[in-house]
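The numbers here are math on the coordinates, done by the rules we state, and not lab data. No experiment lies behind these values; they were computed from the predicted model shown. Note: ideal-geometry Cβ built from the backbone for every residue, glycine included; neighbour counts use all protein chains shown.
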Amino acid sequence: MNKIWIIIKREYLTRVKKKSFIVTTLLLPLLFVAMLVVPVLIMSGGDSEKVAVVDESQFFEGKLADEGETHYKFVQANIDTLKNTYTKLGYTGVLHIPKMDINRPPSIIYYSKGQMNIILKSNMEKKVEAAIEDKRMELAGIDKAKLEGIRVNVDIVNLAGKEEKKGSAGLAYGIGYGAGFLIYIILLVFGTVVMRGVMEEKMNRIAEVMISSVKPFQLMMGKIIGIAFVGLTQFLIWIVLIVGLYTLLIMLFGPEATDAAMKSNAMANSGNNAAAEEAVKQMMGVMEGVNWTFIIFCFLFYFLGGYLFYAALFAAVGSLVNEDPNDAQSLTFPVTIPVIFSIFIMIASVRNPNSSLAVWGSMIPFSSPIVMMARIPYGVPGTVPYWQLGLSMALLIAGFIGTTWVAAKIYRTGILLYGKKVTLKEVAKWVVRKN
């Protein structure tokens, strides 16, 4: 065990001290925070639009409310004269609404010297259409307030556990998809790191020197666990930095600034500030009800379990590769295929977490790290019963033990094999061969 620990320490310290590790670890949280801050700066730094409105129909007075950096000013002027003088008056464009039959509205024209802003065009069309719709309802004797009262929102209440908690299918979808996809990336990236590390030691004949002091199984396990600690360290640093930077933003700009990006997206969809702010408040309330501690615990378990499950196989593949790099591509194909299939099962599972495909995908060790993390945000023990979660974890541990046993038998022979192209048939013989 002491020899394995020495190898773990060597693998960990060698990789953590690399400049690439430090840069990547610090850069990703900054990019994450920039995704929150940059949209706010872009939206707040845009030039304001001041639109002159000539309303000959007299239907739209008070119907075109200012929004964001767009301001509407109703003026009494000749349209032909205003078209030539609007820039001198400080306007960026002129909206001409001619006299109209409300049931057959004509084209409404916007005059400007430059190309019209696509967001301004979309918002303007929505406001004009809403105003025409309101006028038609008024002429038809329909009370809009009563019509709005008919609309019903479907609230989601999670009955799992002792307390009733509000849930969000959209939030569960986002967390499940993000967590599953992140584990997918981790399995491929860190699995490849293990394989390349073994390949380099084999090609440089370092493995021969190390095996004179330790057993092949100890060398393989030390390398796998050492790189796992590197990934775990990086992940924990990301969490601390992201939380720290987010807290710093709140201290500097206040909660409103940090939530501005979400509000801006909601306002772009709704076109109504009050409705957007209410939507954000509801979403924040739902996020506060999420058991983040449990989700992070499960993520760490499936991250480590999935990594250990596949890393042993990638290490075995690395021990088989000789000078020809094409060997690595052909030999990694059987290992990467289950990971790729898992991502497709995950995509289907976040849409229907109770389907048979989702349940079985979250049980089989080859796919459970990705698929189960896509189901957990929907609720435990609601969508995912405790027995399913426990069985999935137990099978993943058993799967790791099984792949480690298989990989150790391959690794022991392959790490010292040079100059010969190995076939999968020969590898199978090594696995079934008695020691």
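Quick notes on this one:
- The alpha carbons of region 48-142 stretch over 43, 28, 20 Å along the principal axes, in descending order.
- With neighbours defined as other Cβ atoms within 10 Å of a residue's Cβ, the residues 195, 372, 100 order from fewest to most as 100, 195, 372.
- Neighbour counting of Cβ atoms within 10 Å sorts the residues 66, 80, fewest neighbours leading, into 80, 66.
- Nonlocal amide H pairs with residue 71, under 5 Å, H built at 1.01 Å: 49, 50, 51
- Across 73/113; 18/202; 88/135; 223/425; 63/113, pairs whose alpha-carbon gap is larger than 23 Å: 88/135; 223/425; 63/113
- Residue order for 91, 173, fewest other beta carbons within 10 angstrom first, comes to 173, 91.
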